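Below is one structure, written out as structure tokens, with a few remarks after it.
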Amino acid sequence: MSRRPVVHHPDPRLRQVSRPVEQFDESLRALVDDMVKTMHEEEGIGLAAVQIGVHLRLAVMKVGDNPLRVLANPEYEKLGQPMDLDEGCLSVPGVRDTTKTRVDHVRVRAQDVNGEWYEFEAHGLEAACVQHECDHIDGRLYIDHLSELRRKRVLKRYQKLRKEAVAG
């Protein structure tokens, strides 16, 4: 199990739609293990494979007391109401903003690491995380859910942080 580098905005790989997971084998299990390790070391609650440069419809999540979830080929149905969420992303580190487009309750259908289909309902932050990771799989970022003005402000702060980090 090894940590993988996280792909950061504006890397164009983050905008590519991922392909379905078709092989449920040892290499997929190793990838999932790497994703979980990377997510934990980055102190995230979710990570899509695209965020480490692998274009598979695959994500891992560990939100609060909920179980660790492996989501291969996930789909979800919105059941709840829109909520305000202070949202951030490991691929746009150091900046956050309030999104209003996530719903507070979803029903999820996905495959596990062995290819078995399963379903669960997610509420609150876990529901938002499902939507966030599915967006990654489809080439979208949370900043796409912000108004143009708010997105520009967030990206300006993000660029400033990146310049400061490079300057050391």
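None of the figures in this text is laboratory data; all of them are computed from the coordinates on show. Just so it is clear, the model here is predicted, and its values are computed rather than measured. Glycine also receives a Cβ, built like all others from the backbone with ideal geometry; neighbour counts cover every protein chain displayed.
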If the cut-off is a Cα-Cα distance under 23 Å, which lysines reach residue 37, setting aside same-chain residues fewer than 8 apart in sequence?
62
Among 58, 90, 24, the residue whose Cα sits farthest towards the positive end of the charge dipole of the chain, when +1 is placed on the Cβ of each Lys and Arg and -1 on the Cβ of each Asp and Glu, is 90
Under a point spin-label approximation (7 Å from Cα along Cα-to-Cβ), what is the residue 25-residue 112 distance to one decimal in nm?
2.2 nm
Sum -39500 (n - 2.57) across every DSSP H segment of at least 4 residues in the chain, then divide by the residue count to get the 222 nm mean residue ellipticity, nearest 500.
-10000 deg cm²/dmol
Counting only DSSP loop positions in the stretch 77-147, the GluC sites (Glu not before Pro) whose Cβ has at most 11 other Cβ atoms within 10 Å are 116
Using the number of other C-beta atoms within 10 angstrom as an exposure proxy, rank 63, 106 with the fewest first.
63, 106
Quick note on 98, 38, ordering by fewest other C-beta atoms within 10 Å, gives 98, 38
Residue with peak Gaussian network fluctuation, the chain [Cα springs, cutoff 10 Å], from 23, 51, 111
23
Mind putting a number on the dipole of the stretch 12-167 about its Cα centre? Charges go on the C-beta only, +1 for Lys and Arg and -1 for Asp and Glu, and I need it in Debye to the nearest 20.
1080 debye
